[in-house]
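Report on one structure; see the data block that follows.
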Amino acid sequence: MDLPILHHTSNDAFDPINHFRQLPDSQHPWSTSEPDRASIIKTWLNPNRFSEPDHHTGIYTGSTPPPIRQLPRQSILRPREPELEDPIPIEEIVGLDPMSVWSDRSLVESAEDSVKIQFEGFKRLGWESDEDRLIRLSRRDWVRRTFQHVWEGYKAKAWGHDELRPISGSFDDPFSGWGATLVDCLDNLLIMNMTQEYNYARNHVRALDWGHVIDFSTINRGRHLTKTEEFSKLKFERPLIPFFETVIRYMGGLISAYDLSGDKLMLERVEDLVKWLLPAFGTQSGFPILRYRMGSNPSGIKSGRVCLAEIGSMTLEFTRLAQLTNKDYYYNLVQRIMDSMDGDQWKSNNRPGSLFPTYIDPDFPMSLSGLYSIGGEADSYYEYLIKEYQLLRGTSPQYKRMFETAVDSINTHLVKRYQLEPGGGKNLTVIGDLAWGSFRPSLDHLACFAGGMIGMGSKLLDRKDYLDLAIDHTDSCVWAYESTKTGVAPEKMMLMEGDDLNRWEQVNFKGKMYRQLRGNPIRGAFTLDPKYIGRPETIESVFYMWRITGDKVWQDRAWRMFTSWVENCLTEFGFADLKDVHGSTARLSDKQESFVLAETLKYYYLLFSEPELISLDDYVFNTEAHPFRVSRPEVNIFESDEERRPRMRSWRESDWSNEARGTKIVKIEDEESIRFIDPKSHQGDDRGGDENVRIGDGTYLQQWSRVDFEKMDEVDLQEFKKAFGIDS
């Protein structure tokens, strides 16, 4: 089609030709195109509603305590199953000899001086102007108030449940019913100095019984029942737990909370959890059972086909726990897996470089056909290679080599660069998929984390070419936001390829014929999945680009992303999913993932905070955005952190808050140290709240799920229905 091009794009994100939304004001950011909607948002996020948390107490205006709830009488609880009284002893688990070592420890015994990731210019006095600082802090405060709004919604409507339903004010429990959102938010509460809220959440953490997984499917089958004798006919089972989600959310959240606060309860509780998880590793290959039944022992069975991301995304959590406890066998467990992934048995003509398909089978390592991607089901395997290298302070050449060969393979086989409109149009760099040998130029939101990962690698490994790729890919992911009517990106889109007939169409513009890119509503692309569910991957990479380069344009583009998200998705209680990012009116789904609070809002908050807050030189994020402390170079990386003070200690638990919550403290001479005394246990038939539960006795939900229906009275039945959202 030999016609001049009618341009619609440029490489300047703020060029009017792009028709992108202009940069919102930091003081009054909400769009006036829908005055009623803007007014509601201003009410929800008003500075008069939520104050900044007090520096000493962590208390803020607008906070309300969690609802007061009654625990069941101890006399009506069913006894635990014999298999769930205690975790399986480590001596009975195949392959878990605590004395074994799976790697040459000489590689990890002495740490070198760390390479810095963050922009060196942040250390200069006056690195930002007074005007820029005021804009940044105003944006940060909007993000903090947004988190406070969403947290208050969860606290009021779904406290102790895994997830809030942000439209109806109901709840979901896809992660064992242990309170995924609550545990996922522990580090956010500390980072934002919401320490009173941390104390509320702490009571839930201390009560958690890791051996008890609530059988929600059976409870849901009883939603139509009305009488206790009808409920007594229900047969409860032990559900399977999602192993990967348990590790990244619960293990990650607790480890991060300990690293940020020094609260010994968090370290104790994560070790309690891991004792229940260890048997899942007792397979022939050492690859864990990814849908695991608590209390079961695999006894050396084959793990079968496994998801790449799930088996490759445990190194950070177990390595950090090994560092904190001085128990090397935690590290040995995951290192055994990575040694297997690094082995020479994975040979196939279908394999592109050192990449893996999204599903592999350790018993059939030469069967490597399938989907090659860095998006869903593959992503965090690659992410953890460079992050484990950082956590080990650059002492393991294995992880450096595995990461470099992976990125080089990605660059060779999955990266493709486009100029949407030749002669000045937008340049895009996508990391696509290889589906059974065929390349697809997809721009997948789940793959947009890669900019941050590759940017980290560029600094840690001194690879300038990596930084260029990281910037280009992150820019393309942000373009996906800027190109939609709503200002938020679709779950998955595909760039157009092919001949002129497929890509171009004729158009008459001011009496002259031109050619312009096909595509509606995004020119040069078509949308495969139009929803947006509050995913963090793009803002994660934007955060890394800001911290690595110091280029203020990343903050400006992030602010436009954030305000668009708020305007389209914020509800009375939280953030709803957007069904179609191209819609003229916002159609929402009653769903809010825990990562909305744990990851997305955290990255926005840190992006507008001081750069030294959770510095990338001092912390490494797990794939659920939980920051782990990188051990100091002067100590052995496997030496216990028990007596070391974390650099960040925003948490202080006041006498008042502890007395009010039923937790007493004894302060010793070092004011940095707090020693906890457990409150008296709940006894007899009296009814009480969560604060009366001993460590590990079970949360409100867990205890009500253990009731013997034949022993319940009508008051008990009503509280049971209330706990699980069953209409009376």
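The values are calculated or read from the model by the stated rules, or taken from the named source; none is laboratory data. Predicted model only: the values in this text are computed from it and were never measured. FYI the Cβ positions are ideal-geometry reconstructions off the backbone, even for glycines, and counts take in every protein chain you see.
If you go through region 459-503 and keep only what is within 23 Å of the chain's Cα centre (by Cα) and of a type in the set (Ser, Thr, Tyr), you end up with Thr474, Ser476, Tyr481. For region 251-297, taking the residues that are among the hydroxyl-bearing types (Ser, Thr, Tyr) and either buried (at least 19 other Cβ atoms within 10 Å of the Cβ) or without any contact (Cβ under 8 Å) to a residue 60 or more places away in the chain (or both), the one that is farthest from Glu197 (Cα to Cα) is identified as Ser285. Entry remark, region 170-189: residues being over 16 Å from the mean Cα position of the chain (by Cα) and surrounded by fewer than 24 Cβ atoms within 10 Å (Cβ to Cβ) number 4 in total. Out of all the residues in region 292-308, is one or more farther than 25 Å from Glu83 by Cβ and either hydrophobic (A, V, I, L, M, F, W, C) or in contact with a Lys or Arg (Cβ under 9 Å, 6 or more places away or on another chain) (or both)? Scanning region 292-308, I find at least one residue that is farther than 25 Å from Glu83 by Cβ and either hydrophobic (A, V, I, L, M, F, W, C) or in contact with a Lys or Arg (Cβ under 9 Å, 6 or more places away or on another chain) (or both), so the answer is yes. If you go through region 600-640 and keep only what is over 15 Å from Lys387 (Cβ atoms), of a type in the set (Asp, Glu) and either assigned to a helix (DSSP H, G or I) or modelled with pLDDT of 95 or more (or both), you end up with Glu610, Glu612.
Residues in region 345-377 that are of a type in the set (Gly, Ala, Ser) and either exposed (fewer than 15 other Cβ atoms within 10 Å of the Cβ) or within 26 Å of the chain's Cα centre (by Cα) (or both): Ser348, Ser369, Ser373, Gly375, Gly376.
Checking the condition buried (at least 23 other Cβ atoms within 10 Å of the Cβ) and among the aliphatic types (A, V, I, L, M), which residue from Val553, Val596 passes? Matching residue, one of Val553, Val596: Val596. Among the residues of region 419-449, write down those that are farther than 19 Å from Pro536 by Cα and either part of a helix (DSSP H, G or I) or hydrophobic (A, V, I, L, M, F, W, C) (or both). Leu420, Leu428, Leu434, Ala435, Trp436, Phe439 - these are the residues of region 419-449 that are farther than 19 Å from Pro536 by Cα and either part of a helix (DSSP H, G or I) or hydrophobic (A, V, I, L, M, F, W, C) (or both). Just the residues that are touching a Gly at 6+ places or on another chain (Cβ under 6 Å) and part of a helix (DSSP H, G or I), please, taken from region 145-161. Matches in region 145-161: Val150, Gly153, Lys157. Residue-level check: of (1) of a type outside the set (S, T, N, Q); (2) outside any loop (DSSP other than H, G, I, E, B); (3) touching a helix residue (DSSP H, G or I) at 6+ places or on another chain (Cβ under 9 Å), Arg401 misses just (3).
Whether any residue in region 526-546 is modelled with pLDDT under 95 and over 19 Å from the mean Cα position of the chain (by Cα) is what I want to check. Yes, region 526-546 contains at least one residue that is modelled with pLDDT under 95 and over 19 Å from the mean Cα position of the chain (by Cα). Of everything listed in (1) closer than 28 Å to Tyr532 by Cβ; (2) modelled with pLDDT of 95 or more, the single unmet condition for Pro521 is (2). Comparison of Thr538, Thr486 shows that the only residue that is in contact with a helix residue (DSSP H, G or I) (Cβ under 6 Å, 6 or more places away or on another chain) and farther than 27 Å from Ser380 by Cβ is Thr486.
Quick one: in region 15-50, which of the residues that are surrounded by 15 or more Cβ atoms within 10 Å (Cβ to Cβ), of a type outside the set (Lys, Arg) and in a loop (DSSP other than H, G, I, E, B) is modelled with the lowest pLDDT? Per the stated criteria, the residue is Ser31. Where helices (runs of 4 or more DSSP H) fall entirely within region 196-279, those with at least 3 residues that are in contact with a helix residue (DSSP H, G or I) (Cβ under 7 Å, 6 or more places away or on another chain) are at 252-261, 264-277.
Among residues that are modelled with pLDDT of 95 or more, surrounded by fewer than 17 Cβ atoms within 10 Å (Cβ to Cβ), over 14 Å from Asn411 (Cα atoms) and not small (Gly, Ala, Ser), Asp462 is included. Annotation: Ile241 fulfils all but one of (1) at pLDDT 95 or above; (2) touching an Asp or Glu at 6+ places or on another chain (Cβ under 9 Å); the unmet one is (2).
Taking region 280-314 as the range and being of a type in the set (D, E, K, R) and assigned to a loop (DSSP other than H, G, I, E, B) as the test, the residues that pass are Lys302, Arg305. Checking each residue in region 203-250 for being of a type in the set (D, E, K, R) and either more than 30 Å from Tyr384 (Cα to Cα) or surrounded by fewer than 18 Cβ atoms within 10 Å (Cβ to Cβ) (or both) picks out Asp215, Arg221, Arg223, Lys227, Glu229, Glu230, Lys233, Lys235, Glu237, Arg238. In region 581-609, how many residues are among the basic types (Lys, Arg) and within 10 Å of the chain's Cα centre (by Cα)? Result for region 581-609: 1. Set side by side, the residues Arg518, Arg523 differ, and just one is closer than 20 Å to Ser10 by Cβ, more than 29 Å from the chain's Cα centre (by Cα) and surrounded by fewer than 19 Cβ atoms within 10 Å (Cβ to Cβ), which is Arg518. When residues in region 303-337 are screened for being of a type in the set (Gly, Ala, Ser) and out of contact with any helix residue (DSSP H, G or I) (no Cβ under 7 Å at 6 or more places or on another chain), 2 of them pass.
Is there a residue in region 524-541 that is in a loop (DSSP other than H, G, I, E, B) and within 30 Å of Lys400 (Cβ to Cβ)? Within region 524-541, one or more residues are in a loop (DSSP other than H, G, I, E, B) and within 30 Å of Lys400 (Cβ to Cβ).
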